[in-house]
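**Q** Structure in C-alpha cells, see below.
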Amino acid sequence: MNSTTFRSRAGDKYSGLELAKRAIKMFVAHKSQMNPSHQFAFLVFKEEATMIQSFTSRAQDILKTLDESEIEPQESDSLNFSHFFETIKENVDLPEVQGDPRVMPPPYIVRVLLLFGRSQSVPISPCQKAQRELESSPYFFTDVLYIHEPPSEENKCEEIFKVFCDLDHNGMSYIFEQSKYTPILNSGAKLLAHPLQRPRQLDAVYKISTTFIPTAQSQPVAPAEERVY
Amino acid sequence: MVPDREDIKKFDILIRPYLDCLLSQPNDHINLTSDPLRITDCFGGCLYSSTKDQPKCDRFTLKIPYAQQILSWQVIFDTSNLKEPPDFIFDAEDHDFHPSLADINSLVCWDWQNRESLAAVVAELLEHYRDYQLDRASSNSTLQRHLRSLLAHSPPDLQIIVNRAERGLGTLNCLMKVAVDFSNIPTYLVSENPGQHCAILHVCIPYPESSNIQAQLYLTSSVENAFGGSTKLRIPAFHSGMMMGDYFANVKALLENQVKLISEGFEKRKDYIAAFINHFGKSVLEYDMQSFTKITLLWEWNDFFFTFTVMGRFGPIHFM
C-alpha cells in the first residue's frame, strides 16, 4: 500500500495506507453522527486476520486504535478469505430472523467493509464455508473498497477486482475500486449507506440537478416546493 | 402449578387460592395504582394440638391502597367451615360503614370453589365503601357540589375518602381514572407495555372550604415516555371556584389533545420522510424508520459529494 502515492486536489500526497485510514476515519465519524448506536470493530490481516478493536459505539476508541495501530503494508502472503471470514464468524453474533425479514426490521445488521490496498497480490479463497454460513443470514453484508495503482500490465488490479466482485453472491454488496484520491473518499461516502435501506449499487443515483424539481401531483408532499441548490 | 407466594404459605391450603388471586392478579376494580395490596397480622382462629406444624392461619388484615390512603380491613375465614364466606371488620374510623349483606351479591352467592371469590367480594365492598364516602362528603354542601359535578362526567373507577376532622369533615382525597384512548400513540413510543396505558388523577381538598385544591396526574411509564418524560407534564392548576367535574373534564381534554398531537406529528413526519424517499430513494444513506425524525442522503453536484441530513421534529411530540 505504501508504494503508490495519491494526490489530493489541494496537492497533498498520501500513501495508500494513509488514505485508507483517512477513509475509515471519515466513515466512522459520519456513521456515528448519523446514528450513535452504530458499532464498529476493526480487523487487520497480516499472516492471519486479527481483531484489534472489538465492537464499540465509541467512535473515539476506533479512531484512536486506528492511529495507534502499527499496520504494516505487506506484499507477501495473499489474503486468505477463508481465514478472514472464519475470524469474522468467531467474533460476530448475527441476530435471529424473527418473522418475515422483508418486513420485520432486525435489531441490528452486520456489515464487513473490506479495505484492500494491494495491486500485486491476488486474494485466495480455498474454502467458502464460513462465508456461506454468514451469508445465510439476511442480516450479513460484505462491501469492498479496493484502493490500487492505475491498472497496467505490470500489476494484477483487474484480476484482484474480479475476485472481489465474485464475493458478491446475492447482488446486495457494494464493491468499489479506485485509484485516485477524491474518488476513493467519494466511494467511502457511498459506503455510508445502510445495506437495508440503500438501493443496489448499480441503481444508486447521487447526481442532483440545479433545476427546479416539480412535485409529483399524485403524492401528498408536506412542503409546497422542493428547490434543490 | 405456580408455587405459593411466601406471604400466603402460612395460610390454610384452602384459603391460599383466594389470596393468590387477590394479591397476584391486577384488578382495576380494587386497585387503581401500582401500589400492591398487602396482608399483615395473620393468625389462626383454631387451635390444633396434633397438627401444630401445619399452616393454619385463616384470618388477616388486608391493607388496601385506596384514594392515596390505606384501608385496613380484617378478613376472617373459619378453617372449620371454609365453605362459608369470610367476615369483614372495617377501619374503626368507618364505624358506621355497614353495607347490607343482602346487597353484596358476591357474598350472597359465595362460591368457595372459585378462587376469584374473595377478590370479587373486596371489589364489591369497595363500591359500597365509595358510596358510603360519597354520602359522608355530601353532608358538606361545598363538597357535595364538587362531587355532583364530578359524577356528572361519570368517571370510571372512582375512589374517594373524606376524613373526619375535629368538627365536621377534613381532607378529601379523590382518585379517578381518566379514560383516554391511548391506542393512537405510535407503537415505538409505547412498545414496553403495550396493554398498560393508564392515566389516574388525584385531587386533594385539604378541608371543605379550602381554595387550595391540589391535583396530580399519574401516567403509566409508557405513556409518560410518549409525552416526553415526567418533567414535561403540565396539568392546569385547580383554580378556586372551579368545580371538580370541570377540572376533570379539562384534564381529560388535555390528555386527548396531546395524544392527537403526538399521533398527528408522527403521521406528518412519516409522510415527510416518505416524500424524500419517493424523490431521492436512490441516494438514501440512512433514515429513521421508527420515529421518522431523521433522513440522510448523499448527493453529488459538479463532482462534489456531500451529505444532506433532514432532522428534527416536524410536529410537536413533547407534552408542553
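The values are calculated or read from the model by the stated rules, or taken from the named source; none is laboratory data. Only a predicted model underlies this, so the values are computations on that prediction, with no experimental measurement involved. Backbone-built Cβ (ideal geometry, glycine too); neighbour counts: all protein chains shown.
**Q** If only one of B:GLU166, B:GLU124 is surrounded by 14 or more Cβ atoms within 10 Å (Cβ to Cβ) and among the acidic types (Asp, Glu), which one is it?
**A** On the way: B:GLU166 fails: surrounded by 14 or more Cβ atoms within 10 Å (Cβ to Cβ).
Only one candidate passes the filter, namely B:GLU124.
**Q** If you don't mind, there's one more thing I want to ask. What's the number of the only condition in (1) free of Cβ contacts under 8 Å to residues at least 40 places away in the same chain; (2) touching a helix residue (DSSP H, G or I) at 6+ places or on another chain (Cβ under 6 Å) that B:PRO208 fails to meet?
**A** It is condition (1) that B:PRO208 fails.
**Q** Now for a different question. Filtering the stretch A:23-71 down to residues that are in a strand (DSSP E or B) and small (Gly, Ala, Ser), which residue is surrounded by the fewest Cβ atoms within 10 Å (Cβ to Cβ)? Show your work before the answer.
**A** Of the stretch A:23-71, the ones in a strand (DSSP E or B) are A:40-45, A:49-56.
Cutting the leftovers down to small (Gly, Ala, Ser) gives us A:41, A:49, A:54.
Details: A:ALA41: 17, A:ALA49: 20, A:SER54: 13.
Looking at the filtered set, the residue picked out is A:SER54.
**Q** Same structure again: If we only count strands (runs of 3 or more DSSP E) wholly inside the stretch A:105-210, which ones have 1 or more residues that are surrounded by fewer than 20 Cβ atoms within 10 Å (Cβ to Cβ)? Steps first, please.
**A** On the way: elements: A:110-116, A:140-147, A:175-178.
In the stretch A:105-210, the matching strands (runs of 3 or more DSSP E) lie at A:110-116, A:175-178.
**Q** Against the definition (out of contact with any helix residue (DSSP H, G or I) (no Cβ under 8 Å at 6 or more places or on another chain) and closer than 24 Å to A:ASP93 by Cα), how does A:THR50 come out, yes or no? Can you show your working first?
**A** Values: out of contact with any helix residue (DSSP H, G or I) (no Cβ under 8 Å at 6 or more places or on another chain): no; closer than 24 Å to A:ASP93 by Cα: yes.
The answer is no for A:THR50.
**Q** Being facing chain A (nearest Cβ under 8 Å), of a type in the set (Asp, Glu) and in a helix (DSSP H, G or I) is the filter here, so list the residues in the stretch B:248-305 that pass it.
**A** Selection gives B:ASP271 alone.
**Q** Okay, moving on. If I ask for residues that are loosely packed, with under 13 Cβ neighbours inside 10 Å and modelled with pLDDT of 90 or more, which ones from the stretch B:293-320 would you list?
**A** Hits for the stretch B:293-320 are B:PHE304, B:PHE306.
Condition check ((1) in contact (Cβ under 8 Å) with a residue 24 or more places away in the chain; (2) within 14 Å of chain B (Cβ to nearest Cβ)) across all residues:
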{"position": "A:PHE27", "(1), (2)": "yes, yes"}
{"position": "A:PRO36", "(1), (2)": "no, yes"}
{"position": "A:ALA49", "(1), (2)": "yes, no"}
{"position": "A:SER57", "(1), (2)": "yes, no"}
{"position": "A:ASP61", "(1), (2)": "no, no"}
{"position": "A:THR65", "(1), (2)": "no, no"}
{"position": "A:PHE81", "(1), (2)": "yes, no"}
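**Q** Sticking with this one: May I ask you to verify whether B:ARG167 is touching a residue at least 24 places away in the same chain (Cβ under 8 Å), more than 30 Å from B:ARG16 (Cβ to Cβ) and basic (Lys, Arg)? Explain how you work it out, then say what you get.
**A** Numbers: touching a residue at least 24 places away in the same chain (Cβ under 8 Å): no; more than 30 Å from B:ARG16 (Cβ to Cβ): yes; basic (Lys, Arg): yes.
Judged against the criteria, B:ARG167 is not a match.
**Q** Would you mention how many residues in the stretch B:251-277 are surrounded by 15 or more Cβ atoms within 10 Å (Cβ to Cβ) and either of a type outside the set (D, E, K, R) or in contact with a helix residue (DSSP H, G or I) (Cβ under 6 Å, 6 or more places away or on another chain) (or both)?
**A** Of the residues in that region, 16 qualify.
**Q** Considering (1) assigned to a strand (DSSP E or B); (2) farther than 17 Å from B:TYR18 by Cα, say which one B:PHE97 fails and leave the rest.
**A** Of the numbered conditions (1) assigned to a strand (DSSP E or B); (2) farther than 17 Å from B:TYR18 by Cα, the odd one out for B:PHE97 is (1).
**Q** For the stretch B:196-217, give me each residue that is modelled with pLDDT of 90 or more, in contact with a Ser or Thr (Cβ under 9 Å, 6 or more places away or on another chain) and closer than 19 Å to B:PHE182 by Cα.
**A** B:ALA199, B:ILE200
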